[in-house]
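Below you'll find the structure, written out as structure tokens, and then a few comments.
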Amino acid sequence: MDSARKHDREAGAPLPTLLFFVFGLALSFGVSDAAVPPDTMNYQGVLRDAAGDPLDGNFDMIFLFFDSASAGNEILLDQHLASGSGAVSVSGGLFNVALGSGSVVDGSGPGYYSTLSDVFRNYGALWLEIEVAGERLSPRVKVLNAGYAHNAGSLEGRPAAEFIDTSTSSQTKNGNLTLDGGSATGLIARGALRGGAFEDTDSSGYAYLANGDYGLRAYGDAAGGYFEDSSGSGHAWVGVGDDGIRGHGYRAGGYFADLDSSGYAYIAIGERGLNALGNDVGGYLKDRNNSGRSWVGFGDRGIEAIGDEMGGAFKDGDGTGI
């Protein structure tokens, strides 16, 4: 036995014998409705001498936790010594100890443990060995459920299924989820097919983020996408009916400009279908092979046109005047 854990009995004192014990609850009350288990556990026993007579007095006791009924690894020790946190008071043989409230030290087994919570978190089966006044009592006793053990699958009263884990298993959360990244990114998502997928409950509208070579791909019964400013004065539909883009706004249906705004255009502005301006020209049009091309709003000219056949051709509706 380790000399640091050896405690000499008084000369002639009868050998103490632990005849029975009971595990109970260490109760803790707080303002929260959720049950938060304390880091102590009540232990009650009766201490008698070899003749069976109940003992009285203060006794040094050490409670040792093992992972096996015999031999095995010593995980944690809870020391209640007169020279430390205080010996255990025994009256008429009866004593009560809050395990975990003494001088708790790591055992000689693997890992490091400094609280009962750490031990019960990692070990599903534990055995308790008791040392009284330097004598080890046997056999070890298996630690059974205390009341708070029924809360072991919960955190502050909530079941484990309500928390997001870091495993590769799929999880479903009911209700809203708010992610606040502060000054950093609120949500980062990656996937082999896409970064994210969103849909309404009847799947009539759904969207994929970071989908293949597309930043966003969206589908819906009314439109692929809908955008508007906070006041609703400008809004646009993307992929609506047979139209690629449909836009409405108090000033114009659409506005386009180059980076330095030297060329810009309004679509559906006021009574005009198109209003375009540029430092070089208001508008420039040509066919694919560049054989015909024209400038609109070019210098002092309203229209300047060039073509392999002619500069321009105009006619009335019935073709009688050309």
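The values are calculated or read from the model by the stated rules, or taken from the named source; none is laboratory data. In this text the structure is predicted, and so the values were computed from the model without any measurement. So basically every Cβ, Gly included, is an ideal-geometry build from the backbone, and we count neighbours across all protein chains shown. Side chains included, ligands, DNA and RNA excluded: accessible areas come from the protein's heavy atoms. Shrake-Rupley method; radii C 1.70, N 1.55, O 1.52, S 1.80 Å.
Within the same chain, aspartates and glutamates fewer than 8 places from Lys142 are excluded, and of the rest, those with a Cα less than 17 Å from its Cα are Asp67, Glu74, Asp78, Glu129, Glu131. Around Leu193, with a cut-off of 13 angstrom between Cβ atoms, what is the net charge of the other residues, counting Lys and Arg +1 and Asp and Glu -1? Summing Lys/Arg as +1 and Asp/Glu as -1 gives +2. Just add up the charged neighbours of Gly282: K/R +1, D/E -1, any other residue whose Cβ is under 14 Å from the Cβ of Gly282. Every neighbour counted, the sum reads -2.
Peptides 163-169, 310-316 ranked from most to least packed give 310-316, 163-169, packing being the mean of other C-beta atoms within 10 angstrom over each peptide's residues. Pairs of Cα atoms in the stretch 97-139 fall into 5 Å distance bins, from 0 up to the last occupied one, in shares of 5, 17, 25, 30, 18, 5, 0 percent. Of all aspartates and glutamates in the structure, the ones whose alpha carbon falls short of 18 Å from that of Lys286, not counting any fewer than 8 places away in one chain, are Glu304, Asp308, Glu309.
With Cα atoms defining each centre, the stretch 278-308 and the stretch 189-208 are spaced 45 Å apart in the structure.
Dividing the convex hull volume of the alpha carbon atoms of the stretch 259-308 by its residue count gives 104 Å³ per residue. When the alpha carbon coordinates of the stretch 176-322 are projected onto the principal axes, the ranges are 67, 37, 34 Å, largest first. Percent of accessible area on the stretch 54-120 owned by carbon and sulfur, 1.4 Å probe? Here carbon and sulfur together make up 48 percent of the probe-accessible area. Nonpolar atom fraction for the stretch 257-301, defined as the carbon and sulfur part of the 1.4 Å probe accessible area, stands at 49 percent.
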